[in-house]
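A short worksheet on the structure shown next.
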Amino acid sequence: QAQLVESGGGLVQAGGSLRLSCAASGRTFSGYAMGWFRQAPGKEREFVADISWTGADTDYANTVKGRFTISRDNAKSTVYLQMTSLKPEDTAVYYCARRRGLFIAAAREYDYWGQGTQVTVSS
């Protein structure tokens with residue numbers, strides 16, 4: 001069974017930083033691009049960032065560009081999301097997902113999802 005497990009969420013003050021991790025089982029991870037999404041209460045799930053298998057290509061939502069950095073360590077089957085200059089509007093449950101399709105940022109292109117980790121940014 002493929003599995004993605006997120007960790008690293010928590011409560012942080014505005015302006016602070018957090019690093020999220022997503023550990024994957026080897027067969028889930030190998031050869032695939034990975035992405036991060038988030039969902040705030042009462043809102044739809046939205047794209048945050050995506051990284052190619054090699055790590056050479058990354059994409060970000062405009063709302064996080066310049067503040068968040070996605071990276072991966074293929075030897076550890078782990079993808080990371082470094083979040084800096086956090087804002088209250090970044091509060092959400094953050095999910096990592098494996099991208100099976102070609103279209104970045106479209107949730108339908110991602111087939112395996114983790115259970116999510118809560119990030120809360122206080123003002």
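State the number of residues belonging to the stretch 50-69 that are among the acidic types (D, E) and assigned to a loop (DSSP other than H, G, I, E, B).
First pass over the stretch 50-69, keeping only residues among the acidic types (D, E): 50, 57, 59.
Subsequent filtering for residues that are assigned to a loop (DSSP other than H, G, I, E, B) retains 57.
Adding up the residues that qualify gives 1.
Collect the residues in the stretch 88-115 that are out of contact with any strand residue (DSSP E or B) (no Cβ under 6 Å at 6 or more places or on another chain) and closer than 23 Å to V12 by Cβ, keeping them in residue-number order.
E89, Q115
Please give the number of the condition R67 fails out of (1) open to solvent by less than 70 Å² (accessible area, probe 1.4 Å); (2) closer than 16 Å to V5 by Cβ; (3) among the basic types (K, R).
Among (1) open to solvent by less than 70 Å² (accessible area, probe 1.4 Å); (2) closer than 16 Å to V5 by Cβ; (3) among the basic types (K, R), R67 violates only (2).
Step by step: first the residues of the stretch 1-51, then only those that are of a type in the set (D, E) and within 11 Å of the chain's Cα centre (by Cα), then the one that is farthest from N62 (Cα to Cα). Which residue is that? Walk me through it before giving the result.
Step one: of the stretch 1-51, the residues of a type in the set (D, E) are 6, 44, 46, 50.
Add one more test, that the residue is within 11 Å of the chain's Cα centre (by Cα), and what stays is 6, 46, 50.
Numbers: E6: 23, E46: 11, D50: 13 Å.
For the stretch 1-51, the residue satisfying everything is E6.
Scan the stretch 70-112 residue by residue and report those that are part of a loop (DSSP other than H, G, I, E, B), at pLDDT below 95 and open to solvent by 40 Å² or more (accessible area, probe 1.4 Å).
R100, L102, F103, I104, A105
Residue-by-condition table, conditions (1) under 23 Å from S17 (Cβ atoms); (2) not β-branched (V, I, T):
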residue	(1), (2)
D50	yes, yes
G55	yes, yes
A61	yes, yes
G66	yes, yes
V79	yes, no
T91	yes, no
R99	no, yes
D111	no, yes
G114	yes, yes
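Pull out all pairs, ordered by first then second residue, where Cβ-Cβ is under 6 Å, the residues are six or more apart or on different chains, the first lies in the stretch 73-93 and is touching a residue at least 24 places away in the same chain (Cβ under 8 Å), and the second is among the hydroxyl-bearing types (S, T, Y) and open to solvent by 20 Å² or more (accessible area, probe 1.4 Å).
T78/S21; Y80/S21; Y80/S71; Q82/T69; T84/S17; P88/S123; T91/T120
May I ask you to list the residues in the stretch 12-49 that are closer than 20 Å to L86 by Cβ, outside any loop (DSSP other than H, G, I, E, B) and open to solvent by less than 50 Å² (accessible area, probe 1.4 Å)?
Passing the criteria: V12, L18, L20, S21, C22, G35, W36, F37, R38, F47, V48, A49.
The values are calculated or read from the model by the stated rules, or taken from the named source; none is laboratory data. Given the structure is predicted, the values throughout are model-derived calculations rather than measurements. Glycine also receives a Cβ, built like all others from the backbone with ideal geometry; neighbour counts cover every protein chain displayed. For accessibility, only protein heavy atoms count, side chains too; no ligands or nucleic acids. Shrake-Rupley method; radii C 1.70, N 1.55, O 1.52, S 1.80 Å.
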